[in-house]
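Here is the structure we will look at, set down as structure tokens.
Bear in mind these aren't lab numbers, they're just calculated from the coordinates by the rules spelled out. Because the structure is predicted, anything quoted here is derived from the model rather than measured. Glycine also receives a Cβ, built like all others from the backbone with ideal geometry; neighbour counts cover every protein chain displayed.
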Amino acid sequence: MLSPGLLLCRHGETDWNAEGRIQGQRDVPLNDRGRAQARRNGTVLRDLLGERAGAYRYLASPLGRTRETMEIIRREIGLDPAGYETDTRLVELHFGAWQGYTLAEIRDRHPEQIRARKADKWNYVPPGAEAESYATLETRIAPVFEALEGPVLVVAHGGVVRTVLHRFAGHPSLEAAHMGVPQDRFLSFSEGNPRWL
């Protein structure tokens with residue numbers, strides 16, 4: 001069960017996002033478009049929350065792109081940019097040896113890996129010692145969201161959002177694994193079913 005006051009968003013765009021390059025847990029900074037997306041989310045949240053913004057808890061992945069997104073959002077809301085917490089369990093899915101490459105590059109070098117992932121994207125683990133599947137990510141992030149109480153804004157990653165939608169909102173794993181996650185909107189869970197704002 002999710003906290004009814006949960007707001008969840010993905011970090012803004014990075015150059016690697018724009019190139020279709022797999023970031024995973026690599027620490028890639030926001031680009032100018034990503035900063036504009038974060039400002040947009042902050043402005044919408046300021047208008048949505050008004051004076052209630054100060055009552056929210058603010059929690060982010062510790063990677064630079066999520067921290068910068070959170071700090072921009074808080075600045076737009078009118079709060080101290082540094083006044084938030086981080087949780088290492090919220091970092092993105094680790095893509096192992098794939099991090100730094102595009103899917104096209106991997107397909108050219110290792111087409112069998114792309115075929116295996118396509119057959120079961122939710123459970124597929126890329127090569128590499130630290131690599132994770134979405135199923136592994138679900139095990140890692142579920143305790144974070146299960147422990148949340150009261151109104152909270154979480155800034156995380158596309159994989160985290162997909163996993164939350166699967167575990168807590170009933171999206172089938174195959175659907176969740178292929179779901180696009182916008183970087184200029186956020187999910188509100190305030191009325192039971194999640195909706196993009």
Beta bridges per DSSP with both ends in region 6-196, % antiparallel, nearest 5
40 percent
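Of the peptides 140-147, 100-107, 4-11, 24-31, how do they stack up when ordered by the mean number of other Cβ atoms within 10 Å, highest first? The partial results should precede the final answer.
Working: 140-147: 16.0, 100-107: 14.5, 4-11: 23.1, 24-31: 18.0.
Ranking, from highest mean packing down: 4-11, 24-31, 140-147, 100-107.
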So what are the ³J(HN,Hα) numbers for region 72-86, from phi and the Karplus equation (6.51, -1.76, 1.60; θ = phi - 60°), rounded to whole Hz, Gly and Pro as x?
5, 4, 5, 4, 5, 6, x, 10, 4, x, 8, x, 9, 10, 10
Please list, ordered by chain and number, the residues whose modelled amide H lies under 5 Å from the amide H of PHE186; skip anything fewer than 5 residues away on the same chain.
LEU197
³J(HN,Hα), Karplus 6.51/-1.76/1.60, whole Hz, each residue of region 90-101, x for Gly, Pro:
8, 5, 5, 3, 8, 9, x, 5, 7, 4, x, 10
Along the Cα-to-C-beta direction of THR88, a point sits 7 Å from the Cα; which residues of region 1-26 have their amide N less than 16 Å from that point?
25-26
Using modelled amide H (1.01 Å from N, peptide plane; none on Pro or chain starts), what sits under 5 Å from the amide H of THR102, excluding residues fewer than 5 places away?
ILE22
Taking Cα atoms only, helix 134-147 is inclined relative to the longest principal axis of the chain by an angle, in degrees rounded to 10, of 20 degrees
Would you mind telling me which residue in GLN23, GLN113, GLN37 has the biggest mean-square fluctuation in a Gaussian network model of the chain, where springs connect alpha carbons within a distance under 10 angstrom?
GLN113
For region 49-65, 3J(HN,Hα) per residue [Karplus equation, 6.51 cos²θ - 1.76 cosθ + 1.60, θ = phi - 60°, Hz, x = Gly/Pro]
8, x, 5, 6, 4, x, 7, 7, 8, 10, 9, 9, 4, x, 5, x, 5
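Starting from the Kirkwood radius over alpha-carbon pairs of region 6-196, derive D by Stokes-Einstein at 37 °C in a medium of 0.692 mPa s and give it in µm² s⁻¹. Can you show the working numbers first?
Working: Rh = 16.9 Å.
The Stokes-Einstein estimate is 194 µm²/s.
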With n ≥ 4 as the cut-off for DSSP H runs, can you work out [θ] at 222 nm for the chain, using -39500 (n - 2.57) per run divided by the number of residues, rounded to the nearest 500?
-13000 deg cm²/dmol
Given a Förster radius of 30 Å and the C-beta distance between ARG195 and ASP80 as r, what FRET efficiency does 1/(1 + (r/R0)^6) yield to the nearest 0.05?
0.60
Check GLY128: other-chain or 5+ apart residues with amide H under 5 Å from its amide H, H built from backbone geometry?
ALA97
